[in-house]
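One structure is given below, encoded as structure tokens.
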Amino acid sequence: MFNVLWGTIKIQMKNSWARPMFRFTLIASPMLNTVLIYEMFRHSGQSDAASYIILGSGLMGLWSSICFSSIGDIARDRYMGVLPFLFTSPSNYNVLIVAKTIGNTLLASLTLVVSWLTAGLLFRLTLVVPHPIVFLGALVVTIIGFVAISIPISYLMLLSRKTGLYMNVLDIPVTLLCGFVFPLNVLPQWTQPISQALVPTWSTRLLHLALQPTIDWVALRTTMTWNAGLILLYGGLTVVFWHAIQLRVRRNATLEVSE
Amino acid sequence: MAMISVNHLQRDFVQRHSRTWHRHPTVVHAVRDLSFQVQAGEIFGLLGQNGAGKTTTIKTLTTLLLPTGGQATVAGLDVARDYKAIRQQINFIFGGELGLYRRLSARDNLIYFGSLYKLPPTTLVQRADTLLAQVGLSAEADHLVETFSKGMTQKLQIARGLINIPKVLFMDEPTIGLDAISVQNLHQIILQAKKSGTTIVLTTHYLPEAELLCDHLIVIDHGQEVASGTVADVIAQGQKIAPKAQIASLEEAYITLIERSAAHV
């Protein structure tokens with residue numbers, strides 16, 4: 001299984017890097033986002049603006065890369081005609097999806113570096129990390145959280161040929177609802193339950209808490225519990241979806257492009 | 001025991017036609033009642049018009065689709081129930097240029113698809129290089145697939161189909177759109193695979209190809225059998241239903257059989 005996992009991660013990274021759109025999302029998009037978010041916060045007087053500018057644009061890029069890659073890969077594999085071969089290979093398709101998502105997420109994590117560099121070079125902004133180990137831990141949890149949310153969404157894409165449409169619908173709302181670029185309290189109250197059901201909301205909160213000069217351990221523990229709970233929930237959903245979906249895919253023939 | 005056994009196979013599709021908010025489902029019977037057997041080590045042809053049910057039959061046998069009715073086994077395993085075990089023993093290729101990662105090299109494609117069959121990495125690299133040599137793509141092994149011609153892509157597809165040394169290889173129109181020399185090359189590769197013991201199920205619209213390659217074949221129309229047997233058997237069945245005609249080739253027999261079948265639908 002390790003060979004399949006590692007082989008798929010490598011192939012996924014090669015495949016994604018070969019796409020101009022992915023390179024744009026990975027490099028140009030976080031640069032532009034950093035500039036735009038900097039302008040948004042410039043006169044706001046917000047004390048933690050730097051973390052919203054750097055982390056916000058990085059997380060936006062990370063989510064976009066996942067949206068357009070991990071989820072979009074189902075569409076691409078379908079249009080390239082490789083989806084039937086992957087689906088019916090003796091390797092577990094779950095392992096392939098997990099490996100593809102890991103490959104994309106690792107590569108897409110570069111958006112955080114690009115945002116960091118852009119903010120530093122253009123605006124002399126820097127992200128002060130008072131507790132590097134806590135921040136690194138939060139970053140790992142964030143990446144796991146992003147992988148966890150994109151897998152069940154990817155599975156749902158196996159059921160339909162309109163993957164591209166859903167992918168576009170998911171991109172911006174998640175960015176807004178998860179508070180990547182502004183504090184969530186500026187959103188209306190009715191959006192709060194939706195935000196709280198999305199693990200990137202809690203990952204973002206975890207990253208911001210890890211950047212505080214004095215760590216609020218109670219808040220950190222609560223946020224960590226939410227992250228872990230939602231990751232487990234998404235993992236459970238993945239298992240449930242898979243059992244239902246692999247049967248429906250063979251019944252409804254949705255693996256190929258409709259003629 | 002037969003390598004493949006198909007008994008009264010049925011496969012329906014529900015098509016939904018959208019008209020404003022209302023969706024009208026229509027049931028299409030792609031395969032109505034199909035039975036045949038394929039012996040180990042032979043090349044078996046599935047012939048029929050577009051929409052006759054050939055590809056649906058192949059997709060059912062390769063575990064991509066569930067049968068709606070009837071039963072089918074591959075290597076003694078049930079396609080509906082034992083799909084995981086079947087997948088280890090088969091491979092398949094579809095004609096055309098789909099089915100490969102176009103932004104990866106030929107070698108990367110073979111190694112990746114081979115890794116899905118859990119072959120050890122060293123064996124896999126050797127196997128990929130052997131197959132690339134066999135299909136005449138050694139010099140292009142590190143070229144991106146997107147730079148390949150149709151013929152080269154098709155050769156690579158066959159190499160991909162053979163990477164796991166399958167017991168059964170399903171080929172859906174493998175020579176579609178290829179020039180005469182590429183077709184001849186592919187025939188050699190297919191015959192070589194047969195020689196090494198692979199059972200091959202082939203669909204094709206090119207009747208001389210079926211005549212040349214197939215040990216046994218079945219002609220289907222509207223998801224049902226019209227004729228079956230060896231090439232000589234099918235020619236005899238065509239002659240039987242048109243006694244006044246001079247039927248000397250599979251092509252003539254096929255046209256006679258399909259026209260007669262269409263007249264009955």
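For this structure, a couple of remarks:
- Accessible area per residue, Å², segment A:2-252 with all protein chains present, probe 1.4 Å: 43 Å²
- Euclidean distance between Cα centres, segment A:213-235 to segment B:21-98, Å: 49 Å
- Relative to its Kirkwood radius, the Cα radius of gyration of segment B:97-165 gives an Rg/Rh of 0.92.
- Compared with the dominant principal axis of the Cα atoms in chain A, helix A:2-17 is inclined by about 70°.
- Assigned charges on the beta-carbon of Lys, Arg, Asp, Glu; the protein assembly as shown dipole about Cα centre (debye): 980 debye
- Expressed to the nearest 5 percent, the antiparallel share of DSSP beta bridges inside the protein assembly as shown is 55 percent.
- Dipole orientation for segment A:2-252: of the candidates A:S195, A:S89, A:I27, A:S89 has the Cα lying most toward the positive pole (charges on Cβ; Lys, Arg +1; Asp, Glu -1).
- For segment B:97-165, the per residue solvent-accessible surface stands at 39 Å², with DNA, RNA and ligands left out and a 1.4 Å probe.
- Shape summary: chain B maps onto an equivalent ellipsoid whose semi-axes, from the alpha-carbon gyration tensor, are 32, 23, 19 Å in decreasing order.
- Accessible area of the protein assembly as shown belonging to carbon and sulfur atoms, whole % at 1.4 Å probe: 62 percent
- The protein assembly as shown: radius of gyration over Cα atoms, expressed as a fraction of 2.2 N^0.38 Å: 1.15
- Heavy atoms of chains B and A lose about 2900 Å² of accessible surface on contact, summed over both sides with a 1.4 Å probe.
- FRET efficiency estimate (nearest 0.05) - Cβ-Cβ, B:A2 to B:T122, R0 35 angstrom: 0.50
- FRET efficiency, B:D179 to B:A133 (Cβ-Cβ, R0 35 Å, nearest 0.05): 0.95
- Rounded to the nearest whole angstrom, the semi-axes of the ellipsoid equivalent to segment B:124-245, taken from the Cα gyration tensor as √(5λ), stand at 33, 15, 12, largest first.
- Percent of alpha-carbon pairs separated by more than 28 Å within segment A:2-252: 33 percent
- List of segment A:56-80 residues, accessible area with partners at least 40 Å² below that of the chain alone (1.4 Å probe): A:M80
- q = 0.11, 0.15, 0.22, 0.25 Å⁻¹: log10 I(q)/I(0) that the Debye formula gives for segment A:15-108, counting C-alpha atoms only: -0.42, -0.65, -1.03, -1.20
- Lys, Arg +1 and Asp, Glu -1 on Cβ, resulting dipole of chain A about Cα centre, debye, nearest 20: 480 debye
- Only Lys, Arg (+1) and Asp, Glu (-1) charged, at Cβ; segment B:97-165 dipole about Cα centre in debye: 180 debye
The values are calculated or read from the model by the stated rules, or taken from the named source; none is laboratory data. Values in this document were obtained by computation on a predicted structure and should not be read as measured data. When we count neighbours, we look across all protein chains shown, and the Cβ atoms used for this are built from the backbone with ideal geometry, even at glycine. Ligands, DNA and RNA are stripped out before the accessible areas are found, and what is left, the full protein with its side chains, is counted by its heavy atoms. Shrake-Rupley method; radii C 1.70, N 1.55, O 1.52, S 1.80 Å.
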